[in-house]
Amino acid sequence: MKKSLLICALLTITTTAIFSGCMSVSSKENVSRLNAIETENNMLVLLKANADIQIADRNVFQNMADLKIKRNDMDLVVLKEKIKGSRGDEQTAYAKRIELLEQKNRELKIRNEASTQSLNDWDLFKREYNADLDELTGTLKDLAQRVNK
């Protein structure tokens, strides 16, 4: 089996060498041009696919961020209801913190909707945005734990 594969490979290499040596210069130039055109077409297809992937990445990121923002909004509504049973000074302090968190959540929503950065800025935007959103979510959870005590 190995012997027959070796013979086929050797025969293919020999045939290619013979026919490529017999090609005229103009035929070689035509083959070279065709190869260059094919390579260029392949590069264009890859660039288009890469652009499509980047668009899909942005859409997924923005949808996930929207979900997190909406969840934060719901948590804030629940917190507002829970603090109504607190003492006056605690209720005022909690209400101020909730207002700040609502404002930050609104700002994150606006940033998410307006995110049309270039590709170079996109990765930086995602890191900063995720850090800000995670910080807000963490602060919201901490406040919820304090209110529940």
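The values are calculated or read from the model by the stated rules, or taken from the named source; none is laboratory data. These numbers come from a predicted model, not from an experiment. Methodologically, a virtual Cβ is constructed for each residue, glycine included, from the backbone with ideal geometry; neighbour enumeration extends over all protein chains shown.
A few notes on this one:
- Segment 51-104, residues that are polar (S, T, N, Q) and closer than 25 Å to Phe125 by Cα: Gln54, Asn59, Gln62, Asn63, Asn72, Gln103
- Which listed residue is touching a residue at least 12 places away in the same chain (Cβ under 8 Å), assigned to a helix (DSSP H, G or I) and more than 14 Å from the chain's Cα centre (by Cα), from Asp132, Asp89: Asp132
- Some residue of segment 97-113 being surrounded by 13 or more Cβ atoms within 10 Å (Cβ to Cβ) and modelled with pLDDT under 90: yes
- Search result, residues across segment 22-73 that are among the small types (Gly, Ala, Ser) and outside any helix (DSSP H, G or I): Ser24
- Taking the conditions (1) within 17 Å of Arg71 (Cα to Cα); (2) modelled with pLDDT of 90 or more in turn, Lys82 satisfies each one other than (2).
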